[in-house]
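The values are calculated or read from the model by the stated rules, or taken from the named source; none is laboratory data. What you are looking at is a predicted structure, and each value in this text was computed from that prediction instead of being measured. Note that we place each Cβ from the backbone using ideal geometry, even for glycine, and neighbour counts take in every protein chain shown.
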Amino acid sequence: MSYSRLSPKQIQISMLFLFTIFIIFCFLVLSPRVSYSVCADATVGSINGKSFKQGAIVKVNNREIVIKISFDKFATHYRICENPAFTGTDWKSLPGERPAMEVKYTLSEGSGQKTVYFQAMRNGTEANVVKLQFDLT
């Protein structure tokens, strides 16, 4: 039996390929991901349990809203507010690994368009900010 040896160039290419696969794996598996939907019950008003895409404006008639958020199982904290810089907003711990949770949030006073910003985190790694828009009547 004869075995052919890999050249140093072939070894470099193989190592680069494996390293690339490892980086992609780390990004897909270890980075926190968040999806979201807004749901309502009788106390919330006009959302009626329907989900919406980011960028859509949801009409509400009550400052008290319930946002149903699905987390990547590795998310450990979240924060939510109407300030895009999250100034003065503390991270809140998630109660264990859950596929989803409901976050109660009170919109600021006054009618009109409100933008709520949501962000998840896993052990210091922050996910992208999710922007939710509401029209309070």
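Odds and ends about this structure:
- Scanning the stretch 101-132 for residues that are touching a Lys or Arg at 6+ places or on another chain (Cβ under 7 Å) and part of a strand (DSSP E or B) turns up Glu102, Thr106, Thr115, Tyr117, Gln119.
- The residues of the stretch 101-121 that are more than 11 Å from the chain's Cα centre (by Cα) and not β-branched (Val, Ile, Thr), listed by number, are Met101, Glu102, Lys104, Tyr105, Leu107, Ser108, Glu109, Gly110, Ser111, Gly112, Gln113, Lys114.
- Candidates are the residues of the stretch 122-137 that are within 13 Å of the chain's Cα centre (by Cα) and among the aliphatic types (A, V, I, L, M); the one that is surrounded by the fewest Cβ atoms within 10 Å (Cβ to Cβ) is Val129.
- Arg98 falls short on exactly one of the conditions (1) at pLDDT 80 or above; (2) touching a Lys or Arg at 6+ places or on another chain (Cβ under 9 Å), and that condition is (1).
- Candidate set: the stretch 55-72, residues that are under 15 Å from the mean Cα position of the chain (by Cα), surrounded by 11 or more Cβ atoms within 10 Å (Cβ to Cβ) and not aliphatic (A, V, I, L, M); chosen: the one modelled with the highest pLDDT: Lys68
- Verdict on Ile80 being at pLDDT below 85 and among the aliphatic types (A, V, I, L, M): no
- Ser4 being more than 27 Å from Val116 (Cα to Cα) and at pLDDT below 80: yes
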